Every structure is written in structure tokens, then in C-alpha cells.
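Encoded as C-alpha cells, the structure appears first; notes follow it.
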Amino acid sequence: MLESIRTRVNNGDRLSREEGRWLLQNASLLDLAELAETVRYRLNPERRVTFVIDSNPNYTNICNIDCIFCAFYRHEGDADTYTYTVDEMITRFKASAKRGIRTVLLQGGVNAAIPFEYYKEMVRRTREEVPEIHPHFFSTSEIIGMSDVSGFSIPEVLRQLKEVGLNSIPGGGAEILSDRVKKKISNKKGTSADWLGVMREAHKLGYKTTATMMYGHLEKDEDIIEHLSVIRDLQDEYHGFTAYIPWSFKPGNTPLEKIIPTYATGTRYLQMIAIARIFLDNFPHIQASWFSEGKKIGQIALSFGADDFGGVLEEENVHASANFVHTTSVKETVDLIRSAGYTPAERTTLYDIIAEYGPEEYPAAVLNSARLSVHTDAGAIMHSLPIIQAAVLA
Amino acid sequence: MISSKAFTFRDNSLSPIWDKVRNGVRLTKEDGLALYASDDLIGLGRMANEVARSKSGDSVYFVLNRKLEPTNVCVLSCKFCDFAVKAGSKEAYEMTLDEMLSKLRPDLHEVHITAGLHPSWPWEFYIDMVREIKTQFPNVDVKAFTAVEIDYFSKKFKKSHEQVLRELYAAGLRTMPGGGAEVFSERVRKELFKQKIGAKTWFDVHKTAHKMGINSNVTMLYGHIETIEERIEHMLRVRECQDETNGFLSFIPLAFQPGNTGIKTRNDFTSAIDDLKTIAVSRLMLDNVPHIKAYWVMLTAEVATIALNFGADDMDGTVGEERIAHDAGAISPMELAKGKLISIIHEAGKLPVERDVWYNPIEIYPAKGTTVVSKMPYLNSVPFYHEFAPALKNIEVAPLMPSVLGRFARLGTVSAGPLSLRDFMSVSDRFDRLEYGIAVKGNAHSVLLFSKYGWSDLKGKRIGITSESSTSIELLRILLEKRHGVHEYEFVKLHPAQIQNNLSDYDAVLLIGDEALRNGELGGIPGFDQMYDLAGEWCSWKELPFVFAVWAIAKDVPAEAKTQITHSLENSLVSSAGHYAEIGREHGKRLGMDDAAVDAYLQTFRYRFGIDEHAAMAEFEMEWESLKRNNRTVPVGHSIAA
């Protein structure tokens, strides 16, 4: 089986689900890596790894869909809720832009108290008042929420957002696109078809998006292959996905922690990156996340098919709520890529190259090494989970 | 041949190096530099993983161990260490012997002792330390004192290295840690630790230790100011020493952690790519060092896990206290319980093997649904494994000596392998026999009794028995009692680490496998005038072949796995037939055998069984049963060294 798959991968043939499942279950780690590199260098022949200088703030933590893998959300009436006004967010974006941020990945809870106008206003004013920043706003769940609140159809919501300047949306909220699993971990978030439906409509309108996967909870190997398979099929329709981004479930402070107390390991992460690179022959990029898996595992993932190192994440609150904190800086991101043996290149949200950095060169953006984290409770780091590398203490 | 796999690489420059490696040709310094210069990390990993598999199968070893650091008071001030303090400092501590003993538990197998160079502790204190631990915890082996400490003792107490080591040996010291090696470069030494011993002294201490039966490890501290060339030179010096003494058990690359040491490195931590490359390059360069350790405390558990697929076959252990690394900001947790180690090794797709300090397997922990196949680590078994590569991920291979395989087959943790005939008989209700095995008609050259006396004069004598053996012990009994009428003799088990035995204490010694072969090729063991080939003795007596081992698979192994194992064995035997010199070349070289000798040796064996072999097995069973009926079996005692 391995030999026939290797031949097919070398020929650029598409693997079947059965072949994908076989690889995931039987191929050794380095056989996976070898096949993944074959595809990686066919699609991205340069020994280059891209990154984006971005921030991941949240406008509200009030959310009504109660996902059991999430430690971030609060209910209306809880003591520590917040919802920022558009003014407040614009002020923060401006400050970010001053520090050299190029992209804001903005998401929030699904908060029925917020009118559709708020979201449109957020996009419109960002485009007008902070043109340095590319808005990469609103996950599929929020878009469905806007449709519910406004009474507009999803295509109409997307059309109106596009009109005010939105042209890319993040790929979060996919979790595992297998309803068997989705029902258990995020019953109120909708089905796989809902996520895929929003993405399809967005791609049809010309949006670019990413696709994510969150693994390491209740899914089985078959569910992972199912997930890869449905996003590959959708990609064939409009080629709207720029990149695929897997990350592992972080159990800290979540209801699911009781069932799944530990992180998926680094080895599993590398398998996830590699199988995706091999299977997703129509995805231009695979993103490794130093942020969710640790810097060293992130570096290693670059040899397992990933060609992008994600963002520098000036602000991030969701993993931080699960006591999972990695800090870095633009300089360190560049150093990590370089010391892994690649040429660092800054990109836009849409994966256009802004600049490559030669030896000893760094982007002009000078960020502090620590994120400006407003809501982070980074007290106990890695309390019950000894095997993942924790925050850098030095 | 180390591997039958012809890899293709993304980086073509690796191909000629792989050709050398898989044919057992030693790599040069230039090869080492080329490996480091390559950007094909996965290619390096595949080569190193294949080499590790040829040595250890899928096994990854760990030991239940604990570190003792009796004091942090040190007369040196090395730049890279922020553990040591001066006497009188408020952080200084000194343990009493009782405090040290209170930290140990009888279920440990190793205690790793290193300490600061204390200005005033007397020599007797160190001797007492080793002796008391060995006395109170006989199962705990003491791995103590780096070369730096030994040299310090030598100077302070005005004894030669040899004298220091001899006294520690007498107190019970059997292994030494590999610390203090840092990087064997005068340039680096002068820059970072000029008060510390240099390479010459370090090797002098270790060679002296090896020669008297103390095994040791060797480390390399990388990721500070050393160059890649200095790393390769470091490895070459280790390889050269190992050629001479064969006393190193493992090589341990240690990633430097700047912490508060004040040493300026390019990045805060070594890159993961550098960590993995260093593991892989070590495995490829150090062809004569049995094990490469992924020391998770320094490397982080996460990277260590990955390293298990890049050439490392050892995780170190459940080290309880790792003050040196911790004080410098190590990002690993303080203690990784045994269960955690096992799950990490499972995650890497490998087989956890709990070991003693000499890497003798104590227990194995296959993942659920895994079928463990034993690999007989002797030259005569190479034809079975030449192309043994079942496609199922859950079939894992572990190199096990015959006696160990027998034990694990009885426990049910190993499901297939060439079982020693006697062990097969004890589990034949749970195992199915295949028509493969190891038999010989005539001399086997690798089951030899080296004796100071003729057969009939062995009455009342003391016979050292290799602990690897299972069936051969019974064969020796049968020959002694049934053929030669010798009923009184004493069997004493030799220590499993060959280097530990002083053979001259025995009247005769039974060796098997590679050890027998090596000594036989050398013409015998000095002082032992007789050399009896037990298979030859049996064959000329019974006019039948002798069957040492029979391939068997546990009845509860799933059908698909059974089929794969059988097919894989058949493939190996078919493809190795007629190519014995080639497939056994690399292994033979380690035993000092040329192609012709390897070919002739392997030609003597019968790997497929026919009617003669079945008759031979029945005959052995009858003789053995009759011995047992007459209650003639003499128990096997243990040597003092064990």
C-alpha cells in the first residue's frame, strides 16, 4: 500500500479517503513527512516560510452556543462579560497599526444583543479609518448569528459585509466537520453543512478564507479524513481557501477537560500537518502554529509539509483562557523560521508576499516581546499537562 | 548490511552517504559536515531511524532512575553552570548519607550521582556513599561521578585515576555518567570552562574505567559557542575511544540552556531542527556506540518524543530531581512518571522497554493491539531479519536474548520470535510453531564451552554460564550427565554485561551467540585449553542435528499479523539465500570476521525445518524430560558481580 501511495503522490494523483485513512493509521511518522514534503515542494518550491504580523482581539465574550471545548465564552449576566463599542475597537486597531500590525483577525462570541449594523460599521470604519489594517473578521458562527439577528439570508449578510469592505474571513469554528463529533462538542453551533454552507457562499462571492481543524478530543481517524475530504471537495468548487490550519484541543478550564484531560502530543500534530499536506492537493498553503503547539514543534512542522508560520498574534484571548500561553515577537518569529533553515517572508492575509528577510534583516514593525493582553489570565501555566512545552520562562 | 532500503532523498547529496551507511562503511568527518549542512531533515531522520532500528528494532529504552546531587558546593566556576555555589553561600546545601538514602526506593534501578566538587568532604564519604547504597538497595545500580569528579578526587586525595576507580569499584560502582565532556575542543574549553579538565583527562578517566569493567556514557553539550566542525570532531573522538575500549553504553547530546549563565548564544534555545539533526548525525557517525539518548529533561519531552524517530532509542528515565537543568530554566517538568514515559514512547510509534543500567530488558510495555516480534541479536539470525518489514504499524520488533525472549513469551508480552527450544516447549500450548528455526548438523561455532578441563574432569567444578542462554544450558547438562556421566558441578550465571566478568574465576565458561563466536574466532579464551562445540558434541553423539530455536507465534495473534510475519520471514530467507556474505558483512565486521568467514558460518545453519529437525527436537525433549525426572537438574547460582 505504501509503495502504491508513494507512486501516486509522486505522480501528483489525488488520494482516496481509503488511502488517506491507511496513511494516517499505518504510515510511520517519517514516511508521512517524506510524502508531505513531496507535495509541499511541488506547490511551494521555494525554501521560504511566510508569516503575518497580526493581532487576534475579541469584541465580546458573550456567547450563546456553549461549546464544551471553549474556556473563553461567558453568558449575558455573568460578572466578567464585556462587549466593546465600535469606537473602542477602532481605537485599538489604530494603536495596533502604529505598532506595525497589518492584519486583525477579529472574532467574538455569538451575542444576540448585537445588531447587524454593528458588524458592518466595524468593517466600514476599519477600512476608512485604519487603512493599514486588513480586516480578517467574523467566523461562520458569527455570520450565522448576524443572519438570525437581521433576518437576512447568509448570502445577503455576506454581500452587505463585502459591500463595506470585507473580503476575507477566518476559518475557525470548523472544529471537526463530522456531525457525529460536532453534536457532542458543539451541539448549538450547527452542523458541518452549516459551516461549509457559509464558506461556500463566501467563496462564491469572491471571499478568501482559511479552513481550520481542532483535533485531540472525541474524534477518530475516520473523522479527520472526513474533515479533510469535505474541505477538499468544497475547494474544488471555487478555490476560495488560502490555507489549512490544524490545532489541538486545549482542555484547560473547559467542560471537556473532564473527559479529555491532556493535550494531543507533538507527534500527533506532525501527523495532522503531514496528512493534510498530502491529502489537500488543492490547498495552496498549510499553516504551522507555533502558537498552539509550541515553538519547537512549530519549527519541526515546517519539515512535515507546512510552509507558513501563522501570525505573531499580538493579542490572543481564547487559548489564553485555557491557560495556554505562548509569547513571541516579530523578531523571534523571524528567528524561529530562520534557525529552522528557511527564508522568512512577511505576507498579507491573502498570502501575497510583502517582503523576504535576508540574514540579520527584520521587519520594521517593532513589537514588544509580550502581547498586550487585556483579558489574559496567564496565572497557572500548564498546571495539569506536563508534556507540552510551556511558555518560555527566560 | 544495515538496511536493505534504498532511499531516495530530496537532497541528492545524502545518497552516497546512505550507501556507505547501509553497507556498514564508516563515515568520515567530511560526511558528518555534509550531513549537518543538508537541509533535508527528514532524509537525515530516515537514515538515522533505520540505523537505530537495525540496532534496537522498535525498542525505546527507559530506566526507573533518580538523580542525587549530594551538594551544590563546588570549587569550580564554570560559565555554563548556574547550579554550583561557593561554600558558605546561603544557597549552599550538603546532604548527609541518611538524607541521600532517604531519597531512594527499592523499585529504582539506577541512581545517578553527580555533585559539586566539594572543598572538604573526605574520600571515605564517597566510598561510603556507594557502598551504603549498594548494601541497602541491592537492586539499585549506582551510576556515579563524572570524569571531572574522578579527576578531582585523584588530585585531592593523591591517588591515581586507576586507584580512585578501583576503590569505587570495590565499593560497588559499576557505571559512570557521561557528563563533563562538554565539547572536546581546547578552544571552547579555554573560553567557557578553563578550570575544568580537558579531553585528554576525560578520556583517560573513561578508558581506565572501561578497562576495569565500569561502563559509562558520553555527553556532548551543544548550542553555545561551538562550531559544527567541533561537534563532528567530538563524535569522532568518542568513536575512536569506543574502538579501543567498547565501554560506552550511550551517547547523549545535551542542548545548552543559557538561563542565567550569561553566555551569549544566537537564540535563547537551540532550534528544534538543530536538536533533531544532532540526534540523527550522532546516530549515523557513532556506528559503534549502542544507544543514542534523547534526554528529555534538557530537550523538552515534546522534542524528545520526535527524536525517537530521528535515531534516538533511549529516553533516560523517571529522573526525580533535575536541579542543574531546572535552575537554568529548563522547560521540562520536574518529573515524568513511568506511565507518562510509556505513553510518550507509544505516541512515537515505538515499543517501551524498561531496562537496567546495562540495557538489559526488565519489562516491555507494548501498546494495546501491538504484536511484538523478537529479534535474535546474533549473526546467525541475520537471514531472518534481512528483509523483515511487515507493513502493519502495530507489529513491532525488539532485540531480545534467548533467555529474555523466553521470559517475555511466558509473560505473554512477546508474541512471536525464534524461541529457544526449551522455552518453546514451556509455552507450546499457547504458541504455534512455524517451519523455521535455527538448527545445525555439526559444529555451530557459537555455542561453546571454554574449559580448563576435559569433560570427565569437570566433576565438582565451577562453570560460568552466560545469562543469555536458555536451551544451551540444558544441552550442556545433558552432555555432562547423559553423555559424560558428570553429575556434580556448579553452574554460576555470568553477569549480563560481559565487561563485568572475570572469566579466570571459573573452571569452564559457556558462551553463546556473538560472544562465543568472537572468542572462538580468536582461537579460544586464554587459560582455557579446551573448546567444546556443544552442537558438534550432540550431533556426533546422536547423529541428528541440534535445534537451538524454533520460530513460533502466539495463538492469539490476529490472522492478518500472523500472515504478515510469516510472509516477511519467508521473504527474508528467500532474498538472503546466496547472499550471506553481503547481508552479514556489517555484523561480521563487528566480530572481526571477513566475508568468507561470515558466509561459511551462516552456511552451517538450517533455517527451514524438515524431518531431521523434528526428530532432533523429539530427542532433545526426551533427554531433557529424563534429566528432570531423575531430579538431576542443578540450580544455577548467581555470580557476585550480578
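The values are calculated or read from the model by the stated rules, or taken from the named source; none is laboratory data. Note that the coordinates shown come from a computational prediction; the quantities given were computed from them, not determined experimentally. Don't worry about glycine lacking a Cβ; one is built from the backbone with ideal geometry, like all the others, and counts go over all protein chains shown.
A quick yes/no check of all residues on (1) within 30 Å of B:W455 (Cβ to Cβ); (2) at pLDDT 95 or above:
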position	(1), (2)
B:N519	yes, no
B:W538	yes, yes
B:V547	yes, yes
B:A577	no, no
B:I583	no, no
B:G588	no, no
B:D594	no, no
B:L602	yes, yes
B:M617	yes, yes
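The helices (runs of 4 or more DSSP H) found wholly in segment A:1-86 and carrying at least 3 residues that are within 12 Å of chain B (Cβ to nearest Cβ) and in contact (Cβ under 8 Å) with a residue 40 or more places away in the chain occupy A:17-26, A:29-43.
Do we find that B:T227 is surrounded by fewer than 21 Cβ atoms within 10 Å (Cβ to Cβ), in the same structural domain as B:A312 (by TED's automatic domain parsing) and more than 23 Å from B:K277 (Cβ to Cβ) in this structure? No; evaluated as a whole, the condition is false for this residue. Restricting to segment A:87-100, name every residue that is of a type outside the set (G, A, S) and part of a loop (DSSP other than H, G, I, E, B). A:R99, the sole residue that qualifies. In this structure, does B:S160 turn out to be out of contact with any strand residue (DSSP E or B) (no Cβ under 8 Å at 6 or more places or on another chain), surrounded by fewer than 16 Cβ atoms within 10 Å (Cβ to Cβ), at pLDDT 95 or above and over 26 Å from B:R355 (Cα atoms)? Yes, satisfied. B:E322 meets all of the listed conditions (1) modelled with pLDDT under 95; (2) closer than 22 Å to B:A272 by Cβ; (3) away from every other protein chain (no Cβ under 14 Å) but one, namely (3). Considered as a group, the residues in segment A:245-286 that are buried (at least 23 other Cβ atoms within 10 Å of the Cβ) and among the charged types (D, E, K, R) include one that is nearest to A:G20 (Cα to Cα), and that residue is A:R277. When segment B:373-424 is filtered for residues that are within 14 Å of chain A (Cβ to nearest Cβ) and outside any loop (DSSP other than H, G, I, E, B), the ones remaining, listed by number, are B:I395, B:E396, B:V397. Screening A:F138 against (1) surrounded by fewer than 21 Cβ atoms within 10 Å (Cβ to Cβ); (2) at pLDDT 85 or above; (3) on the phi > 0 side of the Ramachandran plot leaves a single unmet condition, (1). Considering only residues in segment B:96-115 that are over 20 Å from B:E149 (Cβ atoms) and in contact with a strand residue (DSSP E or B) (Cβ under 7 Å, 6 or more places away or on another chain), the one that is surrounded by the fewest Cβ atoms within 10 Å (Cβ to Cβ) turns out to be B:L108.
Out of B:R46, B:R66, B:R53, one residue alone is buried (at least 19 other Cβ atoms within 10 Å of the Cβ), within 14 Å of chain A (Cβ to nearest Cβ), modelled with pLDDT under 95 and under 31 Å from the mean Cα position of the chain (by Cα). It is B:R53. Against the condition closer than 30 Å to B:E191 by Cβ and β-branched (V, I, T), how does B:T135 come out, does it pass? Criteria not met by B:T135.
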